[in-house]
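**Student:** This is the structure, below, for whatever I ask next.
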Amino acid sequence: MRKYSGLIMLAALGLTSAAAAQEVTLRGVSAFAEKTTYSRGFERFIERVNEAGKDVIQINYIGGPKAMPPFEVGNALKNGVVDLANSTGAFYTNLMPEADAWKLTQHPMSELRKNGGYDYMAQIYAQKMNAILLARVADNNPFHLYLNKPITGPDLTGLKLRITPVYRDFFQALGGTVVQTAPGEVYTALERGVVDGYGWPITGIFDLGWNERTKYRVDPGFYSAEVSILINKSVWDKLNDKQKAVLRKAAEQGEAEAATEFAKDNAADTARQAQAGIQTITFDAAGAKRYYDEAYEAGWAGVIRQSPEHGPKLRSFFSKTK
Ligand code: 173
């Protein structure tokens, strides 16, 4: 009897200490090029986790689009080929069209975490992606249209524009012809004259040298670029409390600093674009209003068309007015 209970004790101890000592290593991939604007938040997250998570949890950064095509990252996360992903909703609309609605948010994430908007999206992430959105690391960062041919009003007739799902409905509503490419193909498309312009946020056009191939930026900006760190939900559910706490803390830090960081970067890149000789195209007040309002009208119409079930609800959480 004594021998028996001793064995049980040893087994229990062995199991407990093995579980406690087990360091988990997660594989992470970014849909954006390594060391560029939209991978930076993820890379900082990885540094924080690897620093705070010694002997507990580590992240092995596989890299950016050289490791995996951007539009495949969502699938890889869902299927558990990777455990963590840095991506934007527009890159995995094949799995979850609703994710593209993040771009239409007119409240900061801190507010969406409180008003039910985050929780509503979390259910869809769980259901369609088997994922949890840990942190939005790009926020407060508008998109713009960049052109090599001038326009005088909100009319894109005759222009061929590089897009992702972010810009499709808007640019088409203004009469533009659209062609979807990953960011890695933008430079060549501009160089060869395959496109007359492209959609991209206010920051990051210098990362891949597009400034060399860009004459104009159209103001005002529109929407709010979203880039987030996702984790496979089955992987998350298997982590212990200590491991989750390390991820949560790094995620919270990243999300909390995003809006102010981007406010700084937005201003810096706007100035740098002017210095690089990129001219600003603006419209008269009525034209600017038409342009901006059409962005949201066409954007929401697109989200609701693709998700009649969730689109209207998301609009009520994400919009200031509706
Ligand atoms: O233009 C894009 O590739 C795109 O959709 C995007 C989204 C968020 C940040 C940067 C780019």
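All of the numbers you see were taken from the coordinates with simple rules; none came from a lab. Keep in mind the model is a prediction, meaning the values are calculated, not measured. A quick note on method: Cβ atoms are made from the backbone with ideal geometry, for glycine too, and the neighbour counts reach across all protein chains shown.
**Student:** Return the inverse of the average 1/r over all pairs of distinct C-alpha atoms in the range 65-141, which is the Kirkwood hydrodynamic radius, in Å to one decimal.
**Tutor:** Computed over Cα pairs of the range 65-141, the Kirkwood hydrodynamic radius comes out at 13.0 Å.
**Student:** Work out from phi, with θ = phi - 60° and the Karplus expression 6.51 cos²θ - 1.76 cosθ + 1.60, the ³J(HN,Hα) of each residue of the range 292-298, listed in order in whole Hz, and give x for Gly and Pro.
**Tutor:** 5, 5, 5, 4, 6, 4, 5
**Student:** In addition: I need the phi-derived Karplus couplings for the range 85-100: 6.51 cos²θ - 1.76 cosθ + 1.60, θ = phi - 60°, integer Hz, Gly and Pro marked x.
**Tutor:** 9, 10, 7, 10, x, 4, 8, 9, 5, 4, 9, 8, x, 4, 4, 5
**Student:** Calculate how steeply helix 2-21 sits against the longest principal axis of the alpha-carbon atoms of the chain, using the helix alpha-carbon long axis, and give the answer as 0 to 90 degrees to the nearest 10.
**Tutor:** It is inclined by approximately 20 degrees.
**Student:** If the viscosity is 1.306 mPa s and the temperature 10 °C, what Stokes-Einstein diffusion coefficient in µm²/s follows for the range 60-213 when Rh is the Kirkwood radius over Cα pairs?
**Tutor:** Result for D is 94 µm²/s.
**Student:** Now for a separate question. In the range 247-322, how does Rg compare with the Kirkwood Rh, expressed as the Rg/Rh ratio over alpha carbon atoms?
**Tutor:** 1.10
**Student:** Next up: Would you kindly work out the equivalent ellipsoid of the range 182-322 from its C-alpha gyration tensor and give its semi-axes, the square roots of five times the eigenvalues, largest first in whole Å?
**Tutor:** The answer is 32, 23, 17 Å, longest axis first.
**Student:** Can you compute the helix-only [θ] at 222 nm over the chain? Use -39500 (n - 2.57) per DSSP H run of at least 4 residues, normalise by all residues, nearest 500 deg cm²/dmol.
**Tutor:** After summing the helix terms and dividing by the residues of the chain, the value is -14000 deg cm²/dmol.
**Student:** Report the longest stretch of the chain that contains none of the GluC sites (Glu not before Pro) sitting in a DSSP loop with at most 12 other Cβ atoms within 10 Å.
**Tutor:** 24-308
**Student:** Same structure, new question: Using the alpha-carbon atoms, what tilt in degrees (0 to 90, nearest 10) does helix 37-52 show relative to the longest principal axis of the chain?
**Tutor:** On a 0 to 90 degree scale, this one is about 20.
**Student:** Rounded to two decimal places and with Rh computed the Kirkwood way over Cα pairs, what is Rg over Rh for the chain?
**Tutor:** 1.06
**Student:** Whose amide H sits under 5 Å from the amide H of Q180, counting only residues 5 or more places off or on another chain, with H placed in the peptide plane?
**Tutor:** Placed amide hydrogens put I163 under 5 Å from Q180.
**Student:** Per-residue HN-Hα couplings for the range 307-315, Karplus 6.51 cos²θ - 1.76 cosθ + 1.60 at θ = phi - 60°, whole Hz, x for Gly and Pro?
**Tutor:** Running phi through 6.51 cos²θ - 1.76 cosθ + 1.60 with θ = phi - 60° gives 9, x, 6, 9, x, x, 5, 4, 4 Hz.
**Student:** Which whole-angstrom value gives the distance between the alpha carbon centres of the range 265-322 and the range 123-143?
**Tutor:** 19
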